[in-house]
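I have placed the structure first, in the form of structure tokens, so that the comments after it can refer back to it.
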Amino acid sequence: CWKKEELEKLIHICHKNNITIISDEIHSDLIRNNHQHTSMLSLTDKVISCFSPSKTFNLAGMSTSFIVIPDKEMREKYLKTLHGLHIAHGNLFGPVATEIAYGQGEEWYIQVWDYLQNNIDYAIDFCKKHIPTIDVVAPEATYLLWLDCRKISTSHEVLQDIFVNKLKLGLNNGIDFGNAGEGFMRMNVACPRKTLEIAMNKLKGINAFATNN
């Protein structure tokens, strides 16, 4: 999670250089332990903040999101562009699903987030016990784990080959998120525990590649 002081520094840099801030806050409901989400909306009006029920309530199939733009001039420019591209109209079911999710979904949200946090703890503990070749970056938020695989290889091509062709696991390659992701893989644990257990036992096979690359 970004700290308030970090966001304020980022805002200062962006405003000084006339850079538009687009803040993706789609995971803002999924915060772990004692960490806290600070919305850009609480710090500046010059921001485009993006939200969606798709992550929190598993409603990606609704293809629905919403954007908050406090500044009137920025909002009018955004709407003009949206209408110009003819993409201003959503589907009929998305808004209804969104309203119900946020208005009546608290009990479901509490239960599913507790379940997913247990999945996170399980995966981290499994790696510590059985996969010494991988260091897991414990997340402050979300159900996405970053696996530090640099003891295996720092090459994203080598890691992709091992994970997909050898271990039969389809994870996100860290390099897809920028050069700093080289040597990392991203794992989604938002799934039934049985599925996660199968994946973790497959992942254990990566130990065999520790000295080969």
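Considering only residues that are surrounded by fewer than 15 Cβ atoms within 10 Å (Cβ to Cβ) and either not assigned by TED's automatic domain parsing to the domain that holds Phe93 or not in a helix (DSSP H, G or I) (or both), which ones fall in segment 13-30? Reasoning before the result, please.
Step one: list which residues in segment 13-30 are surrounded by fewer than 15 Cβ atoms within 10 Å (Cβ to Cβ), which gives 13, 15-20, 22, 24.
Scanning segment 13-30 gives Asn17, Asn18, Ile19, Thr20, Ile22, Asp24.
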Return the pairs, sorted by first residue and then second, in which the second residue is modelled with pLDDT under 90, the first residue lies in segment 57-70 and is buried (at least 19 other Cβ atoms within 10 Å of the Cβ), the beta carbons are less than 6 Å apart, and the residues are 6+ apart or on different chains.
Thr64/Gly90
Could you identify the single residue in Leu203, Leu196, Leu147, Leu169 that is modelled with pLDDT of 95 or more and either part of a loop (DSSP other than H, G, I, E, B) or closer than 15 Å to Arg32 by Cβ (or both)?
Leu169
List pairs: first residue in segment 31-50 and outside any loop (DSSP other than H, G, I, E, B), second residue crowded, with 17+ Cβ neighbours inside 10 Å and β-branched (Val, Ile, Thr) anywhere in the structure, Cβ distance under 6 angstrom, at least six positions apart or on different chains.
Met40/Val47; Ile48/Ile69
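Of the residues that make up segment 79-99, is at least one among the hydroxyl-bearing types (Ser, Thr, Tyr) and not in a loop (DSSP other than H, G, I, E, B)? Step through it out loud before you land on a result.
So the first thing to find is which residues in segment 79-99 are among the hydroxyl-bearing types (Ser, Thr, Tyr), and the list is 81, 98.
Filter once more, so that each one left must be not in a loop (DSSP other than H, G, I, E, B): 81, 98.
Yes, segment 79-99 has at least one match.
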In segment 93-116, residue surrounded by the most Cβ atoms within 10 Å (Cβ to Cβ) [restricted to those that are without any contact (Cβ under 8 Å) to a residue 40 or more places away in the chain and touching a helix residue (DSSP H, G or I) at 6+ places or on another chain (Cβ under 7 Å)]
Gly94
Output the qualifying pairs, or none if there are none: Cβ atoms under 6 angstrom, residues six or more apart or on different chains, first residue in segment 71-92 and touching a residue at least 24 places away in the same chain (Cβ under 8 Å) and surrounded by 11 or more Cβ atoms within 10 Å (Cβ to Cβ), second residue β-branched (Val, Ile, Thr) and in a loop (DSSP other than H, G, I, E, B).
Tyr78/Ile69; Gly90/Thr64
Restricting segment 145-196 to residues that are aromatic (Phe, Trp, Tyr) and in contact with a Phe, Trp or Tyr (Cβ under 6 Å, 6 or more places away or on another chain), the one farthest from Asn119 (Cα to Cα) turns out to be Phe184
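The values are calculated or read from the model by the stated rules, or taken from the named source; none is laboratory data. These figures come from a predicted structure and were not determined experimentally. Ideal geometry is used to build each Cβ from the backbone, glycine not excepted, and the neighbour counts take in all protein chains shown.
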